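For reference, the structure is listed below as structure tokens.
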Amino acid sequence: MYCTVEDIIARHSEEQLKKLTQVSGASSQLDEQKIAVAISDASNLIDNKLCKRYVTPIIDSGFLVKIAVDISFYFIHRNRHDNEIPKEVKDAYLAAIQTLDAIKSGKESIQGAVELPVKVQAVKTNQSKGDRVFTNKFFAKWI
């Protein structure tokens, strides 16, 4: 998991989380199970976005904590029965997804994360002027 219940509480109030996880008429206790499900879903989404570039799960990345908190908090809001998600929560979620997409595409990186080895593939052709070799870089513009 990329964040904890405590990480979410540190960035948002415990009272707000109690309100978001309560079912009407329920006690005013924090429902850590609902939060844990949101954290698990967020961690799975992060792993899914990054698994083609990095070995996942990524261990000891403080960089991913805020991203996981923003995604988890969005999921907590989304799972409410009224489905009202504040604009700032939705914007933080979209920014987190954009950051993950930038990491996935190679525009950003995660310091200390273990990158998967790059598979080099080549295609060789026989032509009268000698052999030509085409690499992944050549084919990338068509993929």
| task | Hand me the list of helices (runs of 4 or more DSSP H) wholly inside segment 1-94 holding 1 or more residues that are small (Gly, Ala, Ser) and more than 26 Å from residue 116 (Cβ to Cβ). | result | 5-11, 32-50
| note | Residues of segment 1-21 being farther than 12 Å from residue 31 by Cβ and hydrophobic (A, V, I, L, M, F, W, C), in sequence order, are 1, 3, 8, 9, 10
| request: Please tell me if residue 70 is closer than 20 Å to residue 44 by Cβ, among the acidic types (Asp, Glu), at pLDDT 80 or above and out of contact with any strand residue (DSSP E or B) (no Cβ under 8 Å at 6 or more places or on another chain). | output: yes
| segment 1-50: number of residues that are within 18 Å of residue 94 (Cβ to Cβ) and among the basic types (Lys, Arg) | 2
| said: Quick test for you: out of 79, 126, pick the one residue that is within 22 Å of residue 11 (Cβ to Cβ) and at pLDDT below 95. | reply: 79
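The values are calculated or read from the model by the stated rules, or taken from the named source; none is laboratory data. Remember, it's a predicted structure, so these values are computed and weren't measured experimentally. Note that each Cβ is placed from the backbone with ideal geometry, even for glycine, and that neighbours are counted across all protein chains shown.
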